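Right, one structure below, let's go through it.
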Amino acid sequence: MDGIVSVFPSKTLQLQTTRSWDFMGFPETVKREPTVESDMIIGVLDNGIWPESDMFDDKSFGPPPKKWKGGACKGGQNFTCNNKIIGARYYSGINTTREYQLGHGTHMASIAAGNLVVGASFDGLAKGNVRGAVPSARIAAYRVCHYPWPCNEADILAAFDDAIADGVDIILTGATYGFAFDFAEDAVAIGAFHAMEKGILTAVPTGNMGPKPASTVVVAPWILTVAGSSIDRPFIDKAILGDGTTLVGDAVNPFTMKGNKFPLSYGKTNASYPCSELASRQCSLFCLDENLVKGKILLCDNFRGDVETFRVGALGSIQPASTIMSHPTPFPTVILKMEDFERVKLYINSTEKPQVHILRSMAIKDDAAPVVHPFSGRGPSKITPDIIKPDISAPAVQILAAYTGGWGPSNHPMDHRFVKYNILSGTSIASAFAAGAAAYVRSFHPDWSPSSIKSALMTTALLMNGTVNRGREFDYGSGHIDPVKATNPGLVYEVLEGDYIKMLCGMGYSVNKIRLISGDNSSCPEGTSIATKDLNLPSIAAQVEVHNPFSIKFLRTVTNVGLANTTYKAEVKTTSIDVKINVTPDALSFESVNDKKSFVVTVDGAILQANHTVSASLLWSDGTHNVRSPIVVYTNQEFAST
């Protein structure tokens, strides 16, 4: 039919789910442009929103910005918009934008644009002031997911179209795939391309499929793909065994046992018929006998053993750690690293009447932060191996933010507590921080393109520890986000719609396939295509063949957004002896703002072995601004850094 751009099967997507802003050097007193910020609109494509949260109160807000084109609230059953949440829509299989379960969309929206609330906490944990990046900004909520069912691509695409038409400034979605798809079959990539065409940047998480290489699931270069890292205020809890041994664990556990020790028992000795020993050891669902577990704390071999132990009425549980994020628990729980978990097993097996006392969680200081969490998706991209993904890292572990009032904080159906705030983890949270930071930058530079905002966030990012984060740039991209520095980057690497089309041509996409993505009559005139390595991104990368010498040239162009009559000098930093890197010219002089200058980076190397990665960086500095780009050359997806 006329007007149909593309038809492909609708796949399903998954949701990837305070101290944080201060940790990033972004205090409450940060400089703002209040009038412009109040006109900012962040579109959140997720599981809905809980409008009664204090972080979405509209008492200090005027009417919606004049640029808002979304009209009347379309939030559906039992949902009312206000001057903070100015728009709401829902899609197939749902009758409301209200988020009753999970709290994922509410949490993300509040991180990006929630109001300042004094004295917030999760049952006394993480007590303090909670806020979004742009508290004066407005929110438009698009409910494309209906937990516990997965999100639908058809709804994602419809929501992108609606958000673009409604006039949002930034799009945030926590819905990603289980693995990466070709751009022409990726609803998020297609929707984000259309948003980019209209001047809207889309922030998306890497997904929670890490730490294996090539596990980042959204890799289109016109998207800001965000990895998840820790902050310097993790929560720990402790288990004190009957013999006095104290073991430190990881859980968000607000419960106290008031100093009392209780019987400790292994799951397999509390089995219900006809479950196997393996299932009962893991405390699998419906495999524990509620008459046997009463008055006991259970040891379970599965990371989510607390689901069944809570269901059958045990007093608490001890579980092994996992690459999955820690989570709020419905009753006293401690999550131990495997070595300590095995010590508890030995204690049970060698003690006639084993006992344990689980302490309430407490916050500690972690000077190693930020560190990319194991759950965070890693690069490189199998679709575009010459582009570094993720782009950047942001907080994603044990983050306090607003929560739904219709669902218990542990996500357990029998957890009937109701809280205003919850502590959650996941790369979706990182993308919410990045979306908020992008909105903050845009409030200072409303005329900047999406790629300029993305460039500013990347080139000013904090360089992270490559020893702790072994995958280095394929773990964290350009580094950890710094919203304040990003407002004054000095130089930006701008990429326009036509550049992306040329890249797709260079990747061998047919004209018809490109039009599936662009939605217009884009084409590939002879001689106009470019290699993915030469797309004008603020990061530089190439995959090379094993055991072959190489010489690679990368072309880049920067735009001066800093000072007039200034000169930037290049500095290359690397500890590797495997490559030689030259920049030509090594100085760029700008007479005025918006001047553009081009340069070439040449990387020469002899022979790289299999599973090898070389990391370096290019720094342009005028004495005031430091514009840093990572340089990565690697041989394949499983790597060891030099």
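The values are calculated or read from the model by the stated rules, or taken from the named source; none is laboratory data. This one's a predicted model, so the numbers in the text were calculated from it and none came from an experiment. All Cβ positions, glycine included, derive from the backbone under ideal geometry; neighbour counts span all protein chains shown. Note: accessible area is taken over every heavy atom of the protein model, side chains too, but ligands, DNA and RNA are not part of it. Shrake-Rupley method; radii C 1.70, N 1.55, O 1.52, S 1.80 Å.
Computed values, structure above
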read-out	value
Accessible area per residue in Å² at 1.4 Å probe, computed on segment 315-399	37
Beta bridges by DSSP in the chain, antiparallel share as percent, to the nearest 5	60
Accessible carbon and sulfur surface of segment 105-256 relative to its total accessible area, %, 1.4 Å	56
Of every Cα-Cα pair in segment 235-363, the percent that sits beyond 26 Å	10
Cross-link reach list, aspartates and glutamates versus Lys84, counting only Cα pairs under 17 Å and skipping chain neighbours closer than eight places	Glu37, Asp39, Glu52, Asp54, Asp57, Asp58, Glu99, Asp166, Asp169
Accessible solvent surface per residue of segment 495-590, calculated while the other protein chains remain in place, 1.4 angstrom probe, Å²	50
Counting DSSP beta bridges with both ends in segment 185-309, the antiparallel % (nearest 5)	45
Reachable lysines, given that their alpha-carbon falls under 24 Å from the alpha-carbon of Lys212 and they are not under 8 places away in the same chain	Lys11, Lys337, Lys382, Lys389, Lys533
Spin-label pair Asn129/Leu555, simplified geometry with 7 Å Cα→Cβ offset, distance in nm	5.0
Net length gained if the chain between Glu526 and Leu292 were fully extended (0.36 nm per residue, minus Cα distance)	76.7 nm
Heavy atoms of Trp620 accessible to a 1.4 Å probe, total area in Å² rounded to 10	0
Cα-projected label distance for Ala368 with Tyr100, points at 7 Å along beta-carbon direction, nm	4.3
Nonlocal amide H pairs with Gly174, under 5 Å, H built at 1.01 Å	Leu45
Mean residue ellipticity (222 nm) of the chain, computed from DSSP H runs ≥ 4 via -39,500 (n - 2.57), nearest 500	-5500 deg cm²/dmol
Antiparallel %, DSSP beta bridges [both residues in segment 92-245], to 5	40
Cross-link reach list, lysines versus Lys258, counting only Cα pairs under 17 Å and skipping chain neighbours closer than eight places	Lys238, Lys296
Hydrodynamic radius (Kirkwood) for the chain, which is based on Cα pairs only, to one decimal in Å	25.5
Inverse mean reciprocal Cα-Cα distance (Kirkwood Rh) of segment 535-641, Å	14.7
Sorted largest first, extent of segment 389-482 alpha carbons per principal axis (Å)	46, 38, 16
Under 21 Å, Cα to Cα: Lys pairs in segment 535-641, sequence gap 8 or more or different chains	8
Hz values of 3J(HN,Hα) by residue in segment 257-272 - Karplus curve (6.51, -1.76, 1.60), Gly and Pro given as x	9, 6, x, 8, 9, 10, x, 10, 9, 7, x, 5, 8, 10, 6, 9
For segment 364-428 and segment 510-542, distance of Cα centres in Å	33
Heavy-atom accessible surface of segment 535-641: percent carbon and sulfur, 1.4 Å	49
